[in-house]
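Shown next, in C-alpha cells, is the structure this report addresses.
Just so it is clear, none of the values below were taken in a lab; they were calculated from the coordinates. These numbers come from a predicted model, not from an experiment. Don't worry about glycine lacking a Cβ; one is built from the backbone with ideal geometry, like all the others, and counts go over all protein chains shown.
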Amino acid sequence: MTIRPAKVDRGIGVSCIVSTVIHLTVFLLLLWWGKLFPANITYQETYYVDVVNLPVANPRAGSPTQKGNEAQVAPPPPPAPASAMKLPEKSTPAAKTAVKPGAGAAKADPAKSDAAFAERMAKLEKINEARHEEAVMERLRSKIKASGSGRAGMPTGSGTEHGSDYTAYIQSRLKDAFAETISYSGKNPEMIVRIFIDAGGKLTRRTIERSSGDHAFELSVLRAIDLASEKFTPPPAKKLFEGVFVFKPQGITPNRGK
Amino acid sequence: MALLTGTGLIVKIVLLVLIGFSVISWAIIMFKLFQVHRANSESVRFMDFFWKSKRFDAIASQVDRFANSPLTVLFNEGYGELKKVVEGAGASEGSALSTDLGGVENVSRALRRATNSEITRLEKYLTFLATTGSTSPFIGLFGTVWGIMTAFESIGRTGSASLAVVAPGIAEALIATAIGLVAAIPAVMAYNHFQHKIRVLINEMDSFSTEFLNIVQRNITGK
C-alpha cells in the first residue's frame with residue numbers, strides 16, 4: 001500500500017527560477033551601484049626630492065619669505081610711553097667743553113648722519129664679502145692643485161667624466177627602481193654594469209662588465225635600469241654620460257675608479 | 001566587475017560553482033519556507049477541527065481542506081487502516097477479541113509508517129542546505145588560495161613587489177572566499193531554522209498518533 005502524501009509538492013522548479021531571478025537582480029544592482037559610486041582607487045605616485053641637484057640657498061641671504069606672509073610678520077613693539085622716565089645723564093667735563101654754539105647744526109640733521117652710516121656699513125660689508133669670496137676661491141684653488149683633479153668640489157673626480165653630480169642622480173634613480181625589482185637566488189650576488197646615456201637623457205646602452213652569475217639578480221638589475229631610464233633627465237651641458245655602477249642586494253654604488 | 005573578469009579560469013569555475021550553490025540553496029530556502037509555513041498553519045487548523053468533530057467519517061469528508069498538513073496524512077492512513085480492521089472484524093464475528101487487539105496494532109503501524117513518510121517529505125532537500133553551509137567556505141577558500149598562487153606567480157614574472165601589483169591579484173582571489181561565505185551563511189541559518197520547525201511538526205505528529213490510537217482504543221474496542 002502506498003501512502004498518499006499531504007499534497008503533491010509542486011517541486012523546486014518554481015523556486016529555482018525565482019532564486020535565479022533574485023540572484024540576477026542582486027548582481028545587476030551591484031553593477032549599477034559600482035557604476036553609480038565607482039571605487040576611487042588611485043595609486044599615488046611617489047615623488048622623490050633630488051637632494052643632490054637641489055639649489056642650495058645662500059645661508060647669508062637670510063631665510064626666504066614666502067609671498068603673502070608679509071601680513072603675518074610679528075607686530076612692531078609698542079611705542080615707548082611719552083612720559084617715560086629719563087635716566088639722569090652723567091655730565092663729563094670733556095662733554096661740557098665740547099659743547100659749542102656751532103655744534104647745534106650737526107645735531108639738527110640726524111637723517112643725514114644715518115645715511116652716511118648706512119653707506120659706510122654697506123662698504124664695509126662689501127669689502128668683507130669680497131675678502132670672504134677671495135679666501136674661498138683660494139682654498140678651492142689650493143685643493144685642486146693638491147688633488148690634481150680637473151673638477152672643483154669633486155676630490156675623486158678625474159675631470160673626464162661629465163658631471164659627477166649627475167652620477168649621484170643616476171645612482172639615486174637606479175636605487176629607487178632597484179628597490180622595486182630586486183630578486184636573487186644566490187648568496188652574495190653582485191653585478192657591475194656600464195651605462196651610457198645620450199645628451200637627451202636616453203639610455204643608449206648598458207653593458208654587463210662583471211656578474212656573479214645569478215640569473216635572477218641579473219634580470220632584476222637590467223629591469224631596474226630599464227625602469228629607471230624612464231625617468232632620466234638629460235646630463236648637464238648636454239654631454240654624453242657614461243657610468244659604471246656596482247649592484248648588490250645591499251645597494252648600488254658608482255664605480256668611480258673605472 | 002573588474003574583480004570578476006580579472007580572475008583566472010580556476011577561480012572563475014569556483015565562482016560559478018558557488019553561485020550555483022547559492023541559487024539552489026536560496027530556491028530550497030524559499031520552497032521550504034512555503035512548505036513548512038503551510039504545514040504549520042494547516043496543522044493548527046486541522047487539530048482545531050479534529051477536536052471539534054464528533055465522528056471520524058465527518059473529519060474524513062472534510063480532510064481535503066487541510067491538504068498541506070502532515071496530520072491529515074496520518075489521519076487518512078489511520079482511518080483507512082481502521083476501516084479495514086472494522087470491516088475484517090465484521091466478516092469474522094467469532095474472533096472479535098483477537099481482531100480488536102491486532103486491529104489497534106495495525107492502525108499504530110500505519111500511523112508510524114505515515115509519520116516516517118511525512119518526515120522524509122519535510123526533510124527533503126535539507127541535506128543540500130547542510131552541504132552548502134559546510135562546503136561553500138572551503139570551496140571559496142580553494143579559489144582564494146589558487147588566486148593568490150597565480151597572483152604571486154605574476155608578481156614574480158613582472159618582478160615588481162609594489163602594492164599596485166600585489167593588491168589587485170589578492171583582491172581578485174579574496175572574492176572567492178567572500179562568495180563562498182555569502183552562499184554558506186544563509187544556508188546554515190536556514191538549515192537550523194527548518195530543523196527546528198520540522199522537529200516541532202514531528203512532535204505534533206507523534207502527539208496526534210497517540211491521541212488517534214487512544215480514541216480508537218476507547219471507542220472502537222471499548223477499552
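Taking label points 7 Å from Cα along the Cα-to-Cβ direction, B:V86 and A:E119 give a separation of 14.3 nm. Here B:V86, B:V104 are placed in order of increasing Cβ neighbour count within 10 Å, fewest first, which gives B:V86, B:V104. Pairs from the table (A:K187/A:K231; A:K202/A:K238; A:K175/A:K238; B:K32/B:K52; A:K202/A:K248) lying more than 19 angstrom apart at Cα are A:K187/A:K231; A:K175/A:K238; B:K32/B:K52; A:K202/A:K248. Across region B:2-219, C-alpha contacts under 8 Å between residues 6 or more apart give a mean separation that, scaled by the residue count, equals a relative contact order of 33 percent. Take the Kirkwood radius over Cα pairs of region B:172-223, plug it into Stokes-Einstein at 10 °C and 1.306 mPa s, and you get 109 µm²/s for translational diffusion. Ranked by the mean number of other Cβ atoms within 10 Å per residue, highest first, peptides B:133-140, B:120-127 order as B:133-140, B:120-127.
Rounded to two decimal places and with Rh computed the Kirkwood way over Cα pairs, what is Rg over Rh for region B:2-219? Ratio of gyration radius to Kirkwood radius for region B:2-219: 1.31. Legend: P(r) of region A:164-254 from all alpha carbon pair distances, 5 Å bins from 0, whole percents, reading 3, 16, 28, 26, 15, 8, 3, 1, 0. By other beta-carbon atoms within 10 Å, ranking B:T150, B:T115 with the fewest at the front produces B:T150, B:T115. Build a GNM of chain B with springs between Cα atoms under 10 Å apart, and of B:G78, B:G156, B:G147 the one that fluctuates most is B:G156.
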